[in-house]
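To start, the structure itself, in structure tokens.
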Amino acid sequence: MKEINVSRLIPVVRKLCIDANYYASPDVVEKIKFFMDKEESPTARDILALMLENHKMAAEEQMPMCQDTGVAVVFVELGQDVHLVGGDFNTAINEGVRQGYQDGYLRKSMVDDPVIERKNTRDNTPALIYTEIVPGDSLKITVAPKGGGAENMSEVRMMKAADGIEGVKDFVVDRIKRSGGNPCPPVVVGVGIGGSFEQCALLAKKALLRPLTEKHPDPKWAAVEDEILERINKLGIGPQGLGGRTTALAVQILYKPCHIASMPVAVNVNCHAHRHESAVIE
Amino acid sequence: MANEIKLHTPLTSEMLEKLQVGDKVLLSGTIYTARDAAHKRLVELLEAGKELPFNPVGAVIYYVGPAPARPGKAIGSAGPTTSYRMDSFAPALMNAGLKAMIGKGPRGQSVVDSMVKNKAVYLAAVGGAAVVSAQAVQTAKIIAYEDLGAEAIRELRVVDFPVFVANDIKGNDIFKIGVEKYRR
């Protein structure tokens with residue numbers, strides 16, 4: 001059993017919130033360049049170039065790439081041999097988020113009562129915290145700030161087994177088609193399949209965490225991802241929806257077993273900023 | 001890309017007549033920020049026959065909730081938010097004289113129809129390129145609804161703010177034309 005004081009989480013979460021918003025991931029930069037070279041629309045190429053320029057300026061100026069610095073989605077992989085001491089775990093993570101959004105000049109985008117009051121909480125808390133117990137004696141934290149524009153284009157559908165893999169492909173492509181320019185394309189498409197109503201949605205979000213340069217480990221699912229991506233990039237939506245061949249940078253699928261009567265499918269859409277940063281506490 | 005046109009606020013119908021979808025516009029002058037919550041209040045004022053916190057005639061509204069400014073900076077990152085959420089409020093503001101809206105993503109048919117009727121345009125800024133957009137802002141001050149935080153109405157002085165004409169006054173829509181051109 002290893003003891004970790006929860007106060008150690010605060011500066012780590014603070015830094016992850018800031019870094020995820022200031023610095024573009026190398027895999028995102030690589031993908032945008034890859035598609036820019038192939039892009040047929042001159043306007044689309046201009047926009048992609050502007051996105052790359054924005055990455056550089058954000059790092060130089062120490063400003064967030066996008067003003068929508070998102071809801072702080074926090075994934076924790078907690079080693080089962082860790083004993084957390086020194087206070088409340090969730091409170092510590094929220095304190096890290098509070099400090100990161102305050103000190104990093106990040107926008108506070110959370111409202112408490114989501115319908116009637118909609119009052120801003122003023123410090124971007126509460127974070128959305130998903131904790132998983134894993135083997136080991138360390139703690140891995142991933143902060144994935146998620147903007148509203150792309151999140152709003154996401155969807156869960158309880159499909160039938162009879163819909164098959166073609167049904168899944170059609171649903172994902174149609175979801176992106178109906179999203180048009182709203183989610184800030186070129187997007188990254190996370191797809192969660194199986195489990196249950198709520199688990200497939202979480203799978204779709206977790207699918208976004210895979211590096212864009214990595215293929216699905218199972219070749220038959222990798223082929224499905226490639227086919228969906230190709231179909232999405234034939235839709236013509238393009239960067240910002242103004243027309244072009246670069247509508248998505250990647251399609252990433254995660255699946256789990258499910259009930260014989262079910263085939264839940266979730267699509268979680270991410271914008272081109274595609275932010276996430278991780279750290280390990282030992 | 002087609003033309004690059006410089007415009008200065010306040011805008012008039014005559015100035016907008018020459019704009020075509022796809023044109024790049026470098027906008028200078030005064031623009032006002034407003035998004036979901038501020039729009040709700042603005043339209044409530046119009047319905048009650050009261051004055052708005054700014055003169056809507058010839059005005060430009062930018063759909064943005066900027067990030068906080070670092071000390072010494074006019075504004076933090078300030079890219080556009082998704083525009084369709086303002087669709088139900090936009091026609092009332094255009095009827096009151098609003099001449100341009102800046103945001104990202106396509107508009108509903110009622111907004112497109114109102115643009116044709118009122119000779120107003122919709123301009124697309126590049127979503128996510130928020131540091132680039134912020135560079136065009138010289139000064140920013142809150143003029144209403146400070147309680148809304150990032151959603152307060154700010155008066156921005158901008159110089160050569162880069163945007164693309166997404167809907168012109170003839171009812172053309174780049175989100176339809178552009179997509180059709182590159183669909184396979």
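The values are calculated or read from the model by the stated rules, or taken from the named source; none is laboratory data. Note that the structure is a prediction, hence the values are computed from the model and not measured. Note that each Cβ is placed from the backbone with ideal geometry, even for glycine, and that neighbours are counted across all protein chains shown.
Checking the condition modelled with pLDDT under 95, at the interface with another protein chain (Cβ under 9 Å from one of its Cβ atoms) and not in a strand (DSSP E or B), which residue from B:GLY22, B:GLY79 passes?
B:GLY22
Only one residue in A:ALA266, A:ALA279, A:ALA273 is touching a residue at least 60 places away in the same chain (Cβ under 8 Å), away from chain B (no Cβ under 14 Å) and under 20 Å from A:THR142 (Cα atoms). Which one?
Checking each option against the conditions leaves just A:ALA279.
Name the residue, out of B:VAL121, B:VAL116, that is buried (at least 24 other Cβ atoms within 10 Å of the Cβ) and away from chain A (no Cβ under 14 Å).
Result of the check over B:VAL121, B:VAL116: B:VAL121.
Restricting attention to the stretch A:44-53, and to residues there that are closer than 18 Å to A:PRO183 by Cα and facing chain B (nearest Cβ under 7 Å), which single residue is modelled with the highest pLDDT?
A:MET51
How many residues does the stretch A:176-209 hold that are of a type in the set (D, E, K, R) and crowded, with 22+ Cβ neighbours inside 10 Å?
1
Which ones in the stretch A:213-230 are crowded, with 18+ Cβ neighbours inside 10 Å and among the aliphatic types (A, V, I, L, M)?
If the condition is that a residue be crowded, with 18+ Cβ neighbours inside 10 Å and among the aliphatic types (A, V, I, L, M), then A:VAL224, A:ILE228, A:LEU229 are the ones that fit.
Out of A:LEU50, A:LEU9, which single residue is over 15 Å from the mean Cα position of the chain (by Cα), assigned to a helix (DSSP H, G or I) and touching a residue at least 60 places away in the same chain (Cβ under 8 Å)?
Within the list A:LEU50, A:LEU9, the selection yields A:LEU9.
So in the stretch A:77-134, with the set limited to residues that are part of a helix (DSSP H, G or I) and of a type in the set (Ser, Thr, Tyr), which one is farthest from A:GLN199 (Cα to Cα)?
Ranking the candidates gives A:TYR101 first.
Return yes or no: is A:GLU40 assigned to a loop (DSSP other than H, G, I, E, B), within 9 Å of chain B (Cβ to nearest Cβ), more than 22 Å from the chain's Cα centre (by Cα) and surrounded by fewer than 21 Cβ atoms within 10 Å (Cβ to Cβ)?
yes
Within the stretch B:82-107, count every residue that is more than 12 Å from chain A (Cβ to nearest Cβ) and not hydrophobic (A, V, I, L, M, F, W, C).
Selection size over the stretch B:82-107: 5.
Identify the single condition in (1) in contact with a helix residue (DSSP H, G or I) (Cβ under 7 Å, 6 or more places away or on another chain); (2) within 21 Å of B:LEU148 (Cβ to Cβ); (3) without any contact (Cβ under 8 Å) to a residue 60 or more places away in the chain; (4) facing another protein chain (nearest Cβ under 9 Å) that A:THR69 does not satisfy, given that it satisfies every other one.
It fails just one condition, (3).
Please pick out the residue among A:VAL265, A:VAL269 that is aliphatic (A, V, I, L, M), within 11 Å of the chain's Cα centre (by Cα) and outside any helix (DSSP H, G or I).
A:VAL269
State all residues of the stretch B:46-70 that are among the aliphatic types (A, V, I, L, M), under 17 Å from B:ALA100 (Cα atoms) and away from every other protein chain (no Cβ under 14 Å); if no residue qualifies, say none.
B:LEU52, B:VAL57, B:ALA59, B:VAL60, B:ILE61
Answer with yes or no whether B:THR33 is in contact with a helix residue (DSSP H, G or I) (Cβ under 9 Å, 6 or more places away or on another chain) and of a type in the set (S, T, N, Q).
When the stated conditions are applied, B:THR33 passes them.
Just to be sure before I move on: is B:GLY97 out of contact with any helix residue (DSSP H, G or I) (no Cβ under 6 Å at 6 or more places or on another chain) and in a loop (DSSP other than H, G, I, E, B) in the structure I sent?
yes
In the stretch B:148-184, what count of residues is obtained for those that are outside any strand (DSSP E or B), surrounded by fewer than 17 Cβ atoms within 10 Å (Cβ to Cβ) and not aliphatic (A, V, I, L, M)?
Of the residues in the stretch B:148-184, 7 are outside any strand (DSSP E or B), surrounded by fewer than 17 Cβ atoms within 10 Å (Cβ to Cβ) and not aliphatic (A, V, I, L, M).
Could you say whether any residue in the stretch B:140-155 is among the hydroxyl-bearing types (Ser, Thr, Tyr) and in contact with a Pro (Cβ under 7 Å, 6 or more places away or on another chain)?
No, the conditions are met nowhere in the stretch B:140-155.
Would you be able to say whether some residue in the stretch A:159-172 is in the same structural domain as A:LYS220 (by TED's automatic domain parsing) and under 19 Å from the mean Cα position of the chain (by Cα)?
Within the stretch A:159-172, one or more residues are in the same structural domain as A:LYS220 (by TED's automatic domain parsing) and under 19 Å from the mean Cα position of the chain (by Cα).
Among the polar types (S, T, N, Q) and within 30 Å of B:ARG184 (Cβ to Cβ) - does that describe any residue in the stretch A:198-216?
Within the stretch A:198-216 (the criterion being among the polar types (S, T, N, Q) and within 30 Å of B:ARG184 (Cβ to Cβ)), the answer is yes, since at least one residue qualifies.
Check A:VAL173 against each of (1) of a type in the set (A, V, I, L, M); (2) surrounded by 21 or more Cβ atoms within 10 Å (Cβ to Cβ); (3) in contact with a strand residue (DSSP E or B) (Cβ under 8 Å, 6 or more places away or on another chain) and name the one condition it does not meet.
The failed condition is (3).
Within the stretch A:119-135, how many residues turn out to be within 27 Å of B:ILE75 (Cα to Cα), surrounded by fewer than 14 Cβ atoms within 10 Å (Cβ to Cβ) and out of contact with any Asp or Glu (no Cβ under 6 Å at 6 or more places or on another chain)?
Number satisfying all stated conditions: 1.
Hey, among the residues in the stretch A:105-118 that are within 9 Å of chain B (Cβ to nearest Cβ) and surrounded by 16 or more Cβ atoms within 10 Å (Cβ to Cβ), which one's farthest from B:PRO68 (Cα to Cα)?
If we take residues in the stretch A:105-118 being within 9 Å of chain B (Cβ to nearest Cβ) and surrounded by 16 or more Cβ atoms within 10 Å (Cβ to Cβ), then A:SER109 is farthest from B:PRO68 (Cα to Cα).
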